[in-house]
Every structure is written in C-alpha cells, then in structure tokens.
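Engineer: Input: one structure, supplied below.
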Amino acid sequence: MTNKDYAELDSKFISNTYKRFPVTLEIGKGATAYDAEGKSYIDFGSGIGVTSLGYCNDKWVDAVVSQVKTLQHTSNLYTTIPDTKLAEKLCTATGYKKVFFANSGAEANECAIKLARKHGVSKKGEKCCNIITFQNSFHGRTITTLEATGQDVFHKNFFPFTNGFRYVPLGDREALNTAVDDTVCAVMLELVQGEGGVIASDKDFVKYAEKVCRENDILFIIDEVQTGVGRTGTLLASEQFDIKPNITTLAKGLGGGLPIGAALMDEEVENVFSYGDHGSTFGGNPVSCAGGLAVLEELLDNGVLGEVKGKADYIRSKLLEIPQVKDVSGLGMMIGITVDDGYTSAEVANRCVENGLLILTAKAKLRLLPPLTITKEEIDKGIEILAKSF
Ligand SMILES: Cc1ncc(COP(=O)(O)O)c(C=O)c1O
C-alpha cells in the first residue's frame with residue numbers, strides 16, 4: 001500500500017483532529033525514518049519531543065521487549081519492579097521525594113493541579129484554589145489543562161471549562177504581584193514555552209516568581225513536559241534556572257516513545273495525597289516504566305545527556321549559516337527558527353517533508369526537537385535539506 005492509500009484509510013476511519021503531512025511512517029532507526037514507500041527522512045521532530053533516544057534505540061528496545069515478555073500490566077493494587085525502579089532513579093537524580101505516574105503530559109499537569117488545590121485548601125481554606133499561569137502557555141488538552149493554558153484560542157467550543165485560573169503576561173512582575181492573593185494556591189509555568197513559539201523564559205523573572213511563591217506560601221509548579229528529561233541540556237531545565245519547584249511535571253521524552261507522565265513532588269507536597277485522592281489504571285505501567293528507566297540510564301549513566309549541549313550548539317551554529325534563518329530561539333535541543341519575510345513556516349515545513357526532513361512548526365516559527373542521540377551526520381544531512389527547502 002502507498003502513503004496515499006494509508007491517508008485515505010486514515011481520513012475514512014480516524015477522527016478528523018490532526019492536519020497530517022502526506023506521509024505514512026513505517027520504520028525508524030536513530031534519527032532516520034522510512035515511509036510506506038521506502039523513502040527516508042531525517043527526523044528533527046522526534047514525535048514532538050518523545051523519541052528522546054531516537055527510533056528503536058537498542059538498549060531501549062531490549063528493556064521494553066524484555067518487560068513485555070515478563071509482565072505487561074497489573075493494577076496499581078500491587079507494586080511492580082519497573083515503576084519502583086524508575087521512581088527511585090527519578091527521585092535520586094532530581095532530589096524530589098515522590099512521584100505519581102500518569103500517562104501523558106496533560107495528566108501529569110492534572111495531578112499537579114489536584115495536588116496544589118488540596119494543599120491550598122487544607123492550609124488556607126476552600127477559597128485557596130486559584131492557580132496563576134501565563135499568557136501564551138500550553139499545558140494540555142483535557143478540559144482543566146485547556147483552561148490552564150493561557151491562550152484564548154483554546155478557550156472555545158468546550159464550555160463549561162474548569163474555573164480557577166488567572167493568566168499573567170510572562171515576565172510582568174507587577175501583573176504577577178497583582179494576581180497573587182490569599183485565594184491563590186500555585187503558580188505554574190513552562191521554562192521554555194514550546195507550543196507557544198519556543199520562547200525561553202527570563203531567568204530573573206522565573207527566580208522572582210519562585211520568590212513570590214515562597215513569600216506568599218504558594219506552590220511553585222514547573223511544567224517540564226517538553227523541556228524535561230535532557231531536552232534542554234540538563235535533566236531538568238530548572239537546573240539552569242537555579243530554582244527548586246515544589247512540583248515538576250514530565251512526560252514526552254521520559255518514556256522514549258511509550259505513554260508516560262510524571263508529577264515529581266518535593267517535601268512540601270509529598271504527603272498531600274492520601275489513598276483514593278488520585279489514580280490511573282495505566283499509570284506506572286511496567287512496559288512504559290521499563291522504557292523510561294532505559295531512557296534515564298542512557299541519559300545519565302551512558303553519556304547521552306553530556307552530549308546534548310554540544311549538539312545543540314552545533315545545530316544552532318549551522319542553522320545561523322542558512323541565509324533565510326533570521327533568528328534561533330529556545331534552549332538546548334528545543335529550537336525555534338524565525339524565517340525571513342516572504343516565507344511561512346508551514347510552507348517551508350511542507351517542502352522539508354517533500355525533500356526528506358521531518359520538522360515541526362510552532363506559531364510562526366519552524367521548530368526542531370531532534371532526538372537527543374542524533375548523530376553529526378544526521379544533523380548535517382537534515383540542515384542541508386532544510387537549507388535547500390527555502
Ligand atoms: C509544556 C506542555 N505541557 C503539557 C503538554 C501536554 O502533553 P500531552 O500531549 O502528553 O498531554 C504539552 C504537549 O505539547 C506541553 O508541551
């Protein structure tokens with residue numbers, strides 16, 4: 001069957017929520033994917049930041065296959081080996097005390113929101129349930145995380161949304177101070193707004209927001225669904241911002257391609273939940289956690305994390321050599337590209353795909369989230385295709 005045959009089946013049977021490129025990906029290895037007709041593509045998108053070790057990394061495959069053959073699932077009524085090991089490794093590496101495992105970024109954020117509200121209500125009473133988020137943010141697509149998302153475009157069609165979010169312009173100290181009162185239980189932000197256009201937050205502002213939280217006994221939540229797990233050059237991006245959030249949420253790259261989300265909790269919130277407060281049938285699934293453990297071992301024990309900053313610098317310098325690239329934004333391997341006037345990111349992305357490069361867009365920018373294991377040869381090849389596609 002051809003790409004076109006699959007596209008026809010897709011539009012006949014799959015809900016019409018995704019505008020897709022006319023490509024059916026069938027096989028992948030490293031940062032190279034092949035479509036149903038055997039055409040190859042360099043992948044600068046990694047499934048929107050998910051296949052952190054690239055396609056079918058050997059260690060990851062071994063860990064996942066071995067777990068599938070051993071125990072694929074049980075309920076959360078029992079402990080399992082992969083989720084306890086993954087939780088231990090995550091906590092040891094980050095300094096957090098406890099983890100709740102979910103299945104996606106939105107679910108990890110739902111967990112953070114529930115934690116913050118229970119914490120606020122139990123400390124300051126029922127009014128203390130509001131959460132401050134930032135304009136142009138993105139926190140997910142459940143009804144609550146859509147409302148947490150500070151973009152009006154997401155606040156339509158699906159009324160009624162969950163109440164209790166206040167949006168502040170990123171970087172605006174005065175607006176943040178005005179929004180804080182004794183009904184606010186948490187401030188939540190992305191350190192690099194990903195879907196919002198790959199915009200890195202200002203370090204001083206982030207540290208100021210943390211200070212405001214501490215002074216007002218408000219929880220500080222960082223959504224690292226996209227920035228976490230090595231994407232920006234450190235395990236958590238918060239290490240580079242010199243902050244210690246009460247809750248950090250992860251997903252995307254954590255499972256290396258299997259669904260998983262995590263809410264990391266510090267000493268202030270580790271005991272907020274009690275039995276029955278939260279749960280998930282698939283949360284902490286052994287196969288996803290075995291994949292997650294392989295990702296962390298590759299990153300932390302086998303040198304992958306140590307190479308991310310160097311690779312990111314190399315990609316950025318090569319991008320700036322392309323005449324039609326006006327500016328490069330983001331942090332580490334989370335890269336936004338402003339293109340010259342006369343080009344649109346969507347058109348360039350379409351031409352990249354025609355020419356054998358998978359690339360993303362975010363608002364008016366092109367966006368790169370390459371696998372952290374991408375090789376220099378794959379980077380060079382991808383950059384060459386991108387330059388040719390303008
Ligand atoms: C910062 C951030 N938070 C949350 C989400 C939602 O994650 P998921 O699609 O896994 O629910 C995303 C997805 O792009 C994200 O970038």
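Engineer: Could you pull out the chymotrypsin sites (Phe, Trp or Tyr not before Pro) across the stretch 144-240 that fall in loop regions by DSSP (anything but H, G, I, E, B) with no more than 14 other Cβ atoms inside 10 Å?
Structural biologist: Qualifying residues, ordered by number: Phe158.
Engineer: Moving on to the next point. Looking at the chain only, what percent of DSSP beta bridges run antiparallel? Nearest 5 please.
Structural biologist: The antiparallel proportion sits near 65 percent.
Engineer: Moving on to the next point. Which FRET efficiency, nearest 0.05, do Asp313 and Asp172 yield, Cβ-Cβ r, R0 35 Å?
Structural biologist: Step by step, r from the Cβ atoms, then E = 0.70.
Engineer: Among the listed pairs Lys203/Lys244; Lys207/Lys244; Lys89/Lys309, which have their C-alpha atoms separated by more than 19 angstrom in this model?
Structural biologist: In this structure, Lys89/Lys309 lie more than 19 Å apart at Cα.
Engineer: Using helices alone, I'd like the mean residue ellipticity at 222 nm for the chain: each DSSP H run of four-plus residues gives -39500 (n - 2.57), total over residue count, nearest 500.
Structural biologist: Calculated from helices alone, the mean residue ellipticity at 222 nm is -11000 deg cm²/dmol.
Engineer: Right, next: Calculate how many DSSP beta bridges within the stretch 71-301 are antiparallel, expressed in % of all such bridges and rounded to the nearest 5.
Structural biologist: Roughly 40 percent of the beta bridges in the stretch 71-301 run antiparallel, per DSSP.
Engineer: Would you mind checking Lys39/Lys365; Lys4/Lys39; Lys123/Lys156; Lys12/Lys365; Lys318/Lys388 for any pair whose Cα atoms are more than 22 angstrom apart?
Structural biologist: The answer is Lys39/Lys365; Lys123/Lys156; Lys12/Lys365.
Engineer: Just report the Cα centroid separation between the stretch 359-389 and the stretch 141-165, whole Å.
Structural biologist: Here the two parts' Cα centres lie 32 Å apart.
Engineer: Once amide H atoms are placed 1.01 Å from N in the peptide plane, what residues at a sequence separation of 5 or more from Val168, or on another chain, have their amide H within under 5 Å of its amide H?
Structural biologist: Residues meeting the criterion, in which the H sits 1.01 Å from N, are Thr133, Phe134, Gln135.
Engineer: Please go through the stretch 61-124 and write out the chymotrypsin sites (Phe, Trp or Tyr not before Pro) that DSSP classes as loop and that have at most 10 other C-beta atoms within 10 Å.
Structural biologist: Those that pass, being in a loop and sparsely packed, are Tyr78.
Engineer: Oh, and also: Taking the Cα of Glu347, stepping 7 Å toward and past its beta carbon, and measuring to each backbone N in the stretch 288-330: which are under 17 Å?
Structural biologist: The answer is 323-326, whose backbone nitrogens lie closer than 17 Å to the label point.
Engineer: Ser274 to Phe161: extension gain in nm, 0.36 nm per residue of separation minus the Cα-Cα distance?
Structural biologist: 38.0 nm
Engineer: Taking a ≥ b ≥ c as the square roots of the Cα gyration tensor eigenvalues, with a/c under 1.5 meaning rounded and otherwise prolate when a/b beats b/c, else oblate, which class fits the stretch 71-301?
Structural biologist: It comes out prolate by the Cα gyration axes.
Engineer: Sticking with this one: Net charge within 14 Å of Asn103 by Cβ-Cβ distance, Lys/Arg positive one each and Asp/Glu negative one each, not counting Asn103 itself?
Structural biologist: Overall, the nearby charge balance is -1.
Engineer: Pull up the DSSP beta bridges for the stretch 166-295 and report the antiparallel fraction as a percent, rounded to 5.
Structural biologist: DSSP beta bridges in the stretch 166-295 are roughly 45 percent antiparallel.
Engineer: Assuming 0.36 nm per residue, please report the length gained on full extension of the stretch Tyr18 to Glu239 beyond their Cα-Cα distance.
Structural biologist: That works out to 76.1 nm of additional length.
Engineer: For the stretch 180-219 and the stretch 74-98, write down the distance between their C-alpha centroids in whole Å.
Structural biologist: 27 Å
Engineer: Let me ask something else. Straight-line reach from Lys124: which aspartates and glutamates have a Cα under 16 Å away, not including same-chain ones fewer than 8 places off?
Structural biologist: Asp181, Asp182, Glu215, Asp217, Glu268
Engineer: Now for a separate question. List, in order, the whole-Hz ³J(HN,Hα) value for each residue of the stretch 299-308 obtained from phi through the Karplus relation with A = 6.51, B = -1.76, C = 1.60 and θ = phi - 60°; use x for Gly and Pro.
Structural biologist: Whole-Hz 3J(HN,Hα) from phi for the stretch 299-308: 5, 8, 9, 10, x, 5, 4, x, 9, 5.
Engineer: Can you give me the distance in nm between label points at Lys59 and Cys91, each placed 7 Å from the Cα along the Cα-to-Cβ direction?
Structural biologist: 2.3 nm
Engineer: Ranked highest first by the average count of other Cβ atoms within 10 Å around their residues, in what order do 326-333, 20-27 fall?
Structural biologist: Sorting 326-333, 20-27 by mean packing, highest first, produces 326-333, 20-27.
Engineer: If we count other beta carbons within 10 Å of each Cβ, what is the order of Asp266, Asp277, fewest first?
Structural biologist: Placing the least packed residue first, the sequence is Asp277, Asp266.
Coordinate-derived values only; no laboratory data. This is a predicted model, so every value here is computed, not measured. Positions of Cβ are generated from backbone atoms using ideal geometry, with glycine treated the same way; all protein chains shown enter the neighbour counts.
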